[in-house]
Amino acid sequence: MSAACASRRSWAGIFAVAALLLVGGCARAPDVGVAHGAILVRGGGPDPDSLDPQKARGFEAQGILRDVCEGLTTLDAHAGVAPGVAESWGVSADGLTYTFALRPEARWSNGERVVAADFVAALQRLVDPATGSGYAQYVDVIANASDIVHSAKSPETLGVAAPDPRTVVVKLATPAPFLPALLSHPSTCPVHRPTLLAHPDGFARPGVMVSDGAFVLSEWVQGAYVLLRRNHHYWNDAATRVEGVRYLLIADENAELARYRGGELQVTFVVPRGQFDWIRAHLAGELHVAPQLTTYYYGFNLRRAPFKDRPELRRALSLVIDREKLAQLVLRVGEVPAYGWVPPGVDDYTSQSFDYRQLPLAARIGEAQRLYRESGYSRDKPLAFELRYNAGEVHTKVAIAVASMWKEALGAEVRLTQVEFKSLLQDIDRGDVEMFRSSWVGDYNDAYTFAQYLKSDFGVNLPHYSNPGYDALLRRAALQQAPIARRALLEEAERV
């Protein structure tokens with residue numbers, strides 16, 4: 001890799017802090033303390049931004065939606081692709097046409113049959129600009145999807161069809177061997193068309209929502225809980241062991257753990273970093289830690305001062321972050337320091353690194369100080385900006401640590417502002433941020449799910465990073481059928 005190529009990437013709209021996060025959680029083994037037929041109570045984090053499959057963006061919403069919705073495919077206990085509503089599928093010799101056969105026993109929660117047209121309607125709705133989905137570009141491998149998102153074609157031209165009630169045909173713009181994994185995402189779940197027509201602006205509500213998953217939305221009390229009830233019409237209802245799931249909406253990780261220890265929760269997926277060692281020592285039989293393909297990052301608002309058109313300044317801030325110290329002393333659950341965008345562990349891919357990864361920290365700080373001065377700042381005239389992040393103990397600790405590094409190395413003055421997750425998304429959408437915290441969790445095990453995030457027109461490209469050269473490389477990768485050549489193009493894109 002040339003230094004010139006690598007250095008451009010480090011000046012982009014984001015800089016990663018940690019990758020391949022190790023996600024911890026506690027459950028009362030072996031059966032999480034829940035009797036057959038009882039209600040499973042688990043932590044749900046903050047309020048989801050929406051429970052509309054095509055509109056929800058937050059990680060909290062995705063977890064709930066996987067309980068109430070099922071797509072053509074789903075994920076098994078090991079995160080592998082498994083049949084969902086589609087009992088089988090096949091692909092054409094050229095890799096451009098997938099044909100999915102639906103289960104005849106698939107039913108909506110009101111007992112009506114799930115048919116192929118329900119999936120066609122959902123995918124058309126996903127890419128329709130009128131929906132405003134952050135995941136509209138998620139399915140850009142489907143024929144005409146990109147043109148529809150940009151209003152060049154109508155949603156009806158999307159490359160999906162229902163030749164009969166039990167068959168969904170998906171035509172691709174380019175070969176995409178990861179399509180079955182992509183279609184396990186909640187944004188591709190079917191919609192109950194009569195309910196959508198009757199409630200176009202709010203069908204994802206208790207008493208209204210009709211879904212096809214193992215559970216149905218029963219109650220949603222903002223800031224308190226979401227209650228799901230068993231869907232006895234679900235095709236695999238015989239395998240469902242509980243009568244419902246109650247998600248307690250708790251924004252504070254310490255509060256959630258306290259309620260778990262107090263017996264209110266059977267399962268929690270949060271492990272406060274400051275308590276990880278204690279949990280490992282005292283609750284070892286209940287602690288489960290597994291890797292997750294995630295990149296935790298800080299994003300610049302590239303549309304306003306002080307970071308608009310200031311690549312040298314952005315690079316200076318990235319250079320002084322001691323990622324090893326953050327991983328070892330702040331995060332402390334085995335996270336990998338991130339010197340690139342795509343985390344390690346992605347199949348058939350080698351994560352690319354910033355050009356300065358091998359430089360000693362002192363040399364990086366020296367370079368950062370030079371760039372900082374050239375950008376017009378000094379200790380007498382410091383850069384001042386706000387870092388906004390969502391509530392959570394780990395986010396606060398990382399923000400304090402990083403702000404201290406900037407202060408010590410450069411003299412930068414950073415205002416730390418904590419808000420609720422939903423508010424943070426709204427602030428980012430309005431452009432009312434200077435720098436923000438976020439993360440990206442891979443939706444499937446392929447480098448494209450990370451590369452796609454930084455496309456100019458990707459709906460949840462929060463920093464609004466835009467680079468025609470980067471976009472062109474992704475288009476070439478999408479057209480490339482040879483795995484080695486495709487991988488090389490994606491790796492080149494990460495170096496841009």
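Derivation of every value follows stated rules applied to the coordinates shown; laboratory data play no part. None of the values given here were measured: they were computed from a predicted structure. No Cβ is skipped: glycine too gets one built from the backbone with ideal geometry, and neighbour counts run over all protein chains shown.
Hydrodynamic radius of segment 420-496 by the Kirkwood approach over all distinct alpha-carbon pairs: 13.7 Å.
A simple spin-label model places the labels of E105 and S154 3.9 nm from each other, with each point 7 Å out along Cα-to-Cβ. What is the distance in Å between the Cα centroid of segment 210-256 and that of segment 431-465? Value for the Cα centre distance between the two parts: 28 Å. In 5 Å bins starting at 0, how do the alpha-carbon pair distances of segment 69-213 split up by percent? Final binned percentages: 2, 10, 20, 24, 21, 15, 6, 2, 0, 0. A convex hull fitted around the alpha carbon atoms of segment 117-180 yields 78 Å³ per residue.
Put simply, the amide H of S218, placed in the peptide plane, has neighbours under 5 Å in L227, L228, R229, leaving out anything fewer than 5 places away on its chain. Computed from backbone phi with θ = phi - 60° and the Karplus coefficients 6.51, -1.76 and 1.60, the 3J(HN,Hα) list for segment 84-99 is x, 5, 7, 7, 6, 7, x, 10, 5, 4, 8, x, 9, 9, 10, 10 Hz; x is used for glycine and proline. Think of it as helices only: each DSSP H run of n ≥ 4 in the chain is worth -39500 (n - 2.57), and spread over all residues that comes to -8000 deg cm²/dmol at 222 nm.
Take the Cα of A363, step 7 Å toward its Cβ, do the same at E386, and the gap between the two points is 3.9 nm. If R0 is taken as 25 Å, the Cβ-Cβ distance between A485 and A93 corresponds to a FRET efficiency of 0.85. Taking the inverse of the mean 1/r over every pair of distinct Cα atoms in segment 68-131 gives a Kirkwood hydrodynamic radius of 13.3 Å. Between the amide H of K55 and any residue lying 5 or more places away or on another chain, no distance stays under 5 Å, with hydrogens modeled in the peptide plane.
Per the Debye calculation on the chain with a single equal scatterer at every Cα and no solvent contribution, log₁₀ I(q)/I(0) for q = 0.08, 0.10, 0.12 Å⁻¹ amounts to -0.51, -0.81, -1.16. Counted by neighbouring Cβ atoms within 10 Å, the residues E393, E256 run from fewest to most as E393, E256.
Computed over the Cα atoms of segment 175-279, pair by distinct pair, the Kirkwood hydrodynamic radius stands at 16.6 angstrom. Each of K397, K308 was scored by other Cβ atoms within 10 Å of its Cβ. Arranged with the fewest first, they read K308, K397.
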